[in-house]
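The structure appears right after this line, and notes come after that.
Values in this text are rule-based calculations from the coordinates and carry no lab data. Note that the coordinates shown come from a computational prediction; the quantities given were computed from them, not determined experimentally. Note: ideal-geometry Cβ built from the backbone for every residue, glycine included; neighbour counts use all protein chains shown.
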Amino acid sequence: MKYAFISGIPASGKSYLAKKVAKATGTLYFKVDDWREEFRKNEHADWVDFFWNKNEKEYWETITPQKHWNNLKNQSEAVWPIILEKIRTIQKIKKSAIFESVNILPHLARRDFDFPGIILLGESIDTIFERCKKDPRWGKTEELQKIEAEWFFIHEGKIYEKEAKKYGYKTFRDSDKAKKELIRLLKNK
């Protein structure tokens with residue numbers, strides 16, 4: 001069976017791409033965020049809603065890009081045992097699958113996955129902003145959604161790109177190119 005993952009910044013189109021490729025290839029698709037309730041049962045459940053439990057305006061005004069990444073890294077590592085357990089359970093059913101999540105960070109994937117993946121960085125701040133407005137991640141106001149889009153695209157994007165390069169994963173801003181690569185990975189593994 002063949003497996004692949006999609007990671008990257010929020011609102012970059014990971015879910016859309018995963019669904020599209022899954023349909024085109026007859027592959028199962030799993031959005032890791034759908035497992036959030038199980039994450040809340042974890043001993044590190046405080047990390048599950050870490051960002052949502054903060055005052056967003058204050059958070060963005062006081063955080064640095066590296067501290068924000070460290071928060072995302074800590075959150076990802078806290079829920080990682082459950083993600084890994086669920087993925088290994090899914091692999092036992094012996095059907096190809098795509099796994100999608102912000103929390104699949106390159107260092108974790110390289111350490112624990114025996115399958116490839118890609119990192120989506122988003123097409124533009126404007127695209128990310130529109131997606132944040134349409135399907136709010138955190139920001140309740142358009143002003144906060146704009147700040148979110150800028151942080152995701154500029155700051156998170158740079159770190160995802162650096163980490164992806166360090167661990168040998170390709171990054172994409174163009175979803176058509178990402179789709180071709182994901183299909184190639186699923187066919188060639």
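Structure values in brief
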{"item": "Relative contact order [Cα under 8 Å, 6+ residues apart], the range 1-141, whole percent", "result": "52 percent"}
{"item": "Span from the the range 29-54 Cα centroid across to the the range 121-189 one, whole angstrom", "result": "20 Å"}
{"item": "Fewest-first ranking of 185, 105, 84, using other Cβ atoms within 10 Å as the exposure measure", "result": "84, 185, 105"}
{"item": "Sum of side-chain charges, residue 57 neighbourhood, beta-carbon under 15 Å (Lys, Arg +1; Asp, Glu -1)", "result": "-3"}
{"item": "Unit charges on C-beta of K, R, D, E only; dipole of the chain, Debye", "result": "1160 debye"}
{"item": "GluC sites (Glu not before Pro) restricted to the range 1-46 and DSSP loop, no more than 16 other C-beta within 10 Å", "result": "43"}
{"item": "Nearest-20 debye value, the range 1-66 charge dipole, Cβ charges on Lys, Arg, Asp, Glu", "result": "580 debye"}
{"item": "For 62, 127, order by how many other beta-carbon atoms lie within 10 Å, fewest first", "result": "62, 127"}
{"item": "Residue 31-residue 88 pseudo-label distance in nm [points 7 Å out on the Cα-to-Cβ vector]", "result": "2.7 nm"}
{"item": "Quarter of the Cα convex hull surface for the range 3-188, i.e. its orientation-mean projected area (nm²)", "result": "10.0 nm²"}
{"item": "Linear extension gain, residue 45 paired with residue 77, 0.36 nm per residue minus alpha-carbon span", "result": "10.4 nm"}
{"item": "Point-to-point label distance, residue 176-residue 154, nm (Cα→Cβ direction, 7 Å offset)", "result": "2.9 nm"}
{"item": "Estimated 222 nm signal from helices in the chain, with DSSP H stretches of n ≥ 4 weighted -39500 (n - 2.57), rounded to 500", "result": "-16500 deg cm²/dmol"}
{"item": "Estimated D of the range 7-76 in µm² per second, where Rh is the Kirkwood radius over Cα pairs and Stokes-Einstein applies at 4 °C, 1.567 mPa s", "result": "91 µm²/s"}
